[in-house]
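First up is the structure itself, then whatever we jot down about it.
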Amino acid sequence: MANDQQRLLYLFELPQEDIQVPRGGGSVLFKLENEETPPSVATRVGVSPSVSLPVPERDDVALQALGTATSIPKGSAFSFFLASHRKAAKDLCDFLMKTSGAEDLMQVAARVHGKVNETLFVYAISFVILRKKELRSVRLPTMVEVFPSRFVPQEALAKAQLQINRMDPNQTEPVIIEHGLEFSGTHLKPEHRLSYWREDYGINVHHWHWHLIYPPGMGFDRDRKGELFYYMHQQVIARYDIERLCLGLPRVEKLDNWRIPIKDGYFPKLTISNSGRQWGSRQDNTLPKDLRRRELGEFVDITDMEIWRSRLLDAIHQGFMIDCNGDKVPLRDDVTSGKRGIEILSEALEADAELSVNFPYYGDLHNRGHDILAFSHDPDNAHKEEMGVVGDLGTSLRDPVFFLLHKLVDDLFQEYKVTQPPYTEAELFLPGVRIERAGVVRGNEADVLLTGWNTREFEASRGIDFNGKPVILRLTHLDHKPFEYHMQINNDLREPKEVTVRIFLAPKFNGQEEEMGFMEQRILWSEMDKFTVNLKPGKNHVVRSSKESSITNLEELTFKDLENSGPGNTSEQVAFNFCGCGWPQHMLLPRGRPEGMALQLFFMLTDYAQDKVSNPGGVRRCANGVSFCGMQDAKYPDARPMGFPFDRSPAPLLQGLPVNTTADYARLGNAFIHDITIRFLGEKLN
Amino acid sequence: MDKSQKNLMYLFELPYDSISLPRSGGKIHFDVENDVSRPPVVATRLGGGIPVETMPVPDRGDVPLQNLGTATTVPLGSPFSFFIKTHRQAAKDLCDVFMKTKNAEDLLQVAARVHGHVNETLYIYALSFVILRKKELRNSRLPSIIEVFPGKFILQEKLMEAQLEINRSDPNESTPIVVEHGLEFAGTQLKPEHRLSYWREDYGINAHHWHWHLVYPIDMDVNRDRKGELFYYMHQQMIARYDMERLCLGLPRVQKLENWRAPIDDGYFSKLTVNNSGRAWGTRQDDTKMQDFQRNDFGLDFTEVTDLEIWRSRILDAIHQGFMIDSQGERVILSDDVTSGKRGIDILGDVLESDSNISVNSRYYGDLHNMGHVLLAFSHDPDFAHKEEMAVMGDTATAMRDPVFYRWHKFVDDTFQEYKLMQKPYTEEQLNLSGVKIERVGVVRNNEADVLHTGWNTRLFEASRGLDFNGRSVMVRLTHLDHEPFNYHLQVNNSGKGAKDVTVRAFLAPKLNARGQEMSFMEQRILWAEMDKFTVSLKPGSNHIVRSSKDSSITNTEELTFRDLENVDPESPAAAAFNFCGCGWPQHMLLPRGRPEGMAFQLFFMLTDYAQDKVTQRTTQGCANGVSFCGIQDAKYPDTRPMGFPFDRRPPRQLLGRDVNIAADYARLDNAYIHDISIKFLADKLN
């Protein structure tokens, strides 16, 4: 495994440099047969590299075999929201999927390196590694190190380069780039107060990774892919809204009217390539424009967007879509077989051209929305400007407009969700078990959680060549002190009962500081954890660590982590069971407020016998981020609609009493609602 | 010129790098005593076997690093804008420090100490300013701004190409890297305006604009003869030339930016960088509105579009009423026909530009032209919400790249023309010169008459003088418009009995307007671009005058590179004769592009009486180049007539008893002549 890992790991290093430039700090060298080595190699490698990866000449790697993969210029942006770029990705992935084994893939990929767009290359090898069964144990290095310029402003990187140019060439101390709490904007505009959140490396990496696992148009239909598109993005919006409420900002508004200027612009100050090419920027008050990008083959009118939305709403309110043959496809979530309506709707909305019931009719609303917004500064390429960050999976969450667009997307899904019959008491209630008490404990303090700043180091010189010198990035990010959930549960049954514990968090008050009605709070509930416990008869004390969350990924794996993972020791291998997908652990909690902010935790127990999904045994499980990312090669492990029980309107009555607030759900013995406080310390956490 | 004068040029090298870093390809080294910021790379770079000339810079108690006034308020690595009042103050404070030095050696030491403590563009500005103004530095020449600040002229991606190539090449390699910067500009040809990129993004016209504002600064206690009038005339001529170029390309003449409340059609993305760490200049999307300036990062008062509108309205009041109101409330008459004191156009030029020290009422008439630049330079981020830098409109070395520069200056010019049209037409007596007659004129290029050729040419600059590429030499080969040199030929008859000194005035304009029709006098009037102006002594009888296009009164021969300057032997007498001030329209841009199939232009010649035109002044060491655009150093502007004569005013109703409708009607005068020529654009075939 170490060999496979190492062989493939170094393909991610220096994506913009010749494949024969030494990698791994000079210790690893790809040696391509019949290829000249670049002149700097000889001089840089004072000590000969300890690992040499020979790549024989391969007749089967011909440019012609790469299809449209070579159509995206090197050094420019690659966007998964563009149909032509998705096609290029598919062609390259198809080609790489034909390889057998790590060695074969390494050779073929090393030969392809330098012939295709750099982001596309990294996308495709990631895609293939995640999907090939024989590469099960190979882990992907963090995007932060592969493409540092997507995360750190150009000027910070350039300063490191200048420092290196001017320092003693024999110095080997790494240069450190501090990227603290300076973000791309000031605090003049209210939206900019959220920069620390939107520009967080972790959530952007998560978004990249999620779309790598659930791509549209790649001939790829994972279990409940469409529904998860809805749910994961809905949860991101919920968390964004919670963060906004922490800062005293109103909840995000959907991008409803495409004919008026968008108030907030965005200037990322990032570069696409190592040649300093800038991402596009968008001024305040920019009007979205019809897209006329000949070089990308993209032509979309605002009118198209309006018509697609109108047709999707027709389907939602009529309860069926129309497929390509003109036949009705009913949309409902209470199905006993086949796809849920949310799933069908989502595939048509995202859209996946192959899975949409009628792609020509329902169009490509979400993807094209990204495209139009990414190019609103130069819709016709008159100025030869690159796309804005909202066009790239690894950067789009930085731009406030991402959330306006996704609020629109979510709003359509919610239009559908509120047409579904409310959950019945039978569906919500689990007789025989009762939550007596629930809360959180941090240190020895109950129900007060702490957030603050923390830092994380990455090696920028893995992705960008700084004349072979090590450069470390030190990124400041939001973090919190770890905590535990404690639950006192009574099992009145005579035998053990397996239950699913569902934990959600939402602010207690709205922007007007009033307690919220059920419907107002409904789509603010963000999933914190979901897990199975076996309740013995009688009293149970369930303790669960915040680090085990069903939505999070522990932390990004660096190149160094992967290099140190060592040769295959089976138990270690299993322990190292990590798929890289999931919401970043450090962003699990909202910021809260310096004086403390009131939030509510909602707990619900459901019957695992009903929730359970039977998966063939022996599949590889990824312990992390399951709720957002599913499990590799397996079905989504919860039979209920995602977001249960908050995905639908409440029943008017529960146990004979009206339901006005979420607390009314907690009247059920298997549910519990509990107030907690989140305090933002505003300083470095220890 | 002594050696210290020559060595001053090394202060212009590597403005972003430590002064201790070797210059001139490692040959020159400032040894700054007690310099704590000395980078370690110096030792290793100097290790190479190259002979090093060391310039010791002693620690000087009198260099007041803590006392540079506001000069340190402009942050390093960010743009410096002469259109911004606080930046002008910073420049003045720094220039004052430099002006106090006694000689070249003294300046060299003081400036070397200040290096790295002030904004880089400000530093170069102040150093240039002082060298141009100190009498004892008369023989020092300024290196081309293109080599000093390659980032202002060459797209970031091109410069990075060189850096990447160096990073990837053998460190022992020493051959220079050559970066080709051909006909790729910041935009595509999709928008009609982008067809002019080769013109707007030409290195020469941008260097000219930088230099001109260095020679004619505002708020610097510089009150050169006819400064305000020259502000009007030089910019008017640039607009005329821009319009000519537009007509060559089949585009309509530029529209003034008049409604500041409506979006501006054309945006601009310069793709240039502000400093050596890749910080981008601000950009402007298509259809962006001018915004109230509300940034707090320049110490400037917030300025609203309404302020600009009010200033414009007051200036127009003055123009149409014929007087301005000074700060005491007294009237200041505006008239160009004055026998003493300033011409109205001069007063108006200082008010409109404006120079707050010279404006008759700065508080009332405001700062219209400068603040227009500022509002346009910040329309993408007017309140600094996005921490964006100013756009190229804010820097005199880059402003002409942006289409909005011309729309703004067309507005400025339109205001001046409003004034000019208030002036009485020239009388027949003012226009005529009896006793001399132009019999024939024409241009000859390579034995062919009246057909001129334009096309592409290239010029090499050393980018590594301004930017450090790990000590390696990097050349940039820039493609630019050029033409084959030609001569004017004039057959002039002097019917007088004695010799007669005359001023020859030559102008060029397109013959037809955008609709393909011949133009009336008024339509063509402000298209006439000055081509030359010179004095000849006509002997009685017939005279054949030949004048080379290279001698033009508006042009500067070519930018001087560091290498050119290094090759001047300071001890040689030639150095003193090396009479060049670096100001002037670029010689390679003297002609408009024309058209591949040839385009009809008209040359207009007029002879005037040198006895009347002459300005009496002590003969000083003049600058032979670019006089009409730049004046003469330390001397008065050498032509008494209003600038632009005879086209600066509307024509008299009649001339020689007949109506004046077209420019050819002026040519009825014996001392004038109009002649059709053709300009052919050969593209790559220019030899």
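Readers should treat all values here as calculations from the given coordinates under stated rules, not as data from a laboratory. Predicted model only: the values in this text are computed from it and were never measured. Please note: Cβ atoms are built from the backbone with ideal geometry, for glycine as well, and neighbour counts cover all protein chains shown.
Key figures for this structure:
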| read-out | value |
| --- | --- |
| Between helix B:368-377 and chain B: long-axis angle, C-alpha atoms, 0 to 90°, nearest 10 | 50 |
| Rough spin-label spacing in nm, given labels placed 7 Å along Cα→Cβ, for B:K685 and A:E354 | 5.5 |
| Per-residue mean of C-beta atoms belonging to partner chains within 10 Å, peptide A:274-282 | 6 |
| Centroid-to-centroid separation of region A:580-612 and region B:439-498 [C-alpha atoms, Å] | 73 |
| Long pairs among A:K407/A:K635; B:K420/B:K614; B:K92/B:K550, criterion Cα-Cα beyond 25 Å | A:K407/A:K635; B:K92/B:K550 |
| Near-label residues of region B:154-176 by backbone N, under 18 Å of a point 7 Å along Cα→Cβ of B:E566 | B:173-176 |
| Label point at A:L657 placed 7 Å out along Cα→Cβ; residues across region A:515-556 whose backbone nitrogen lies under 20 Å | A:515-522 |
| Distance in nm between pseudo-label sites at B:M522 and B:H544 (7 Å out along the Cβ direction from Cα) | 4.3 |
| Length-normalised contact order for chain B - Cα pairs under 8 Å, 6+ apart - percent | 16 |
| Positive-pole candidate from A:Q5, A:L130, A:A110, dipole of region A:4-138, charges at beta carbon | A:L130 |
| Partner chain coverage, peptide A:160-166 - average Cβ within 10 angstrom | 6 |
| Residues A:E182, A:E33, B:E353, sorted so that the one with the fewest Cβ neighbours within 10 Å comes first | A:E33, A:E182, B:E353 |
| Order of A:Y423, A:Y230 under a 10 Å beta carbon neighbour criterion, fewest first | A:Y423, A:Y230 |
| 10 Å Cβ neighbours from other chains, averaged over peptide B:154-166 | 3 |
| Förster radius 22 Å - calculated FRET efficiency between B:I333 and B:V615 (Cβ-Cβ, nearest 0.05) | 0.45 |
| FRET efficiency, 1/(1 + (r/R0)^6) with R0 30 Å, evaluated for A:T455 and A:E595 via beta carbons | 0.75 |
| Listed peptides A:505-515, A:328-338 by packing density, highest first (mean Cβ within 10 Å) | A:505-515, A:328-338 |
| With Cα atoms, 0 to 90° folded angle of helix A:101-112 axis to chain A main axis | 60 |
| B:E429 versus A:V441: modelled label distance in nm, points set 7 Å from Cα along the beta carbon direction | 11.0 |
| Set A:K269/A:K560; B:K152/B:K271; A:K339/A:K417; B:K256/B:K387 screened for pairs whose C-alpha atoms are more than 18 Å apart | A:K269/A:K560; B:K256/B:K387 |
| Mean residue ellipticity (222 nm) of chain B, computed from DSSP H runs ≥ 4 via -39,500 (n - 2.57), nearest 500 | -8000 deg cm²/dmol |
| Modelled FRET efficiency - R0 35 Å, B:L65 with B:K3, Cβ distances, 0.05 increments | 0.85 |
| Inter-centroid distance (Cα atoms) of region B:507-545 relative to region A:196-267, Å | 65 |
| Proxy reagent accessibility, fewest Cβ within 10 Å first, across A:R111, B:R23, A:R437, B:R515 | B:R515, A:R437, A:R111, B:R23 |
| Crossing angle, helix A:400-417 versus chain A [Cα axis fit, 0-90 degrees, rounded to tens] | 40 |
| Hits among lysines - C-alpha to C-alpha of A:K547 under 21 Å, sequence gap 8 or more where chains match | A:K481, A:K530, A:K684 |
| Region A:399-467 and region B:209-262: distance between their alpha carbon centers, rounded to Å | 58 |
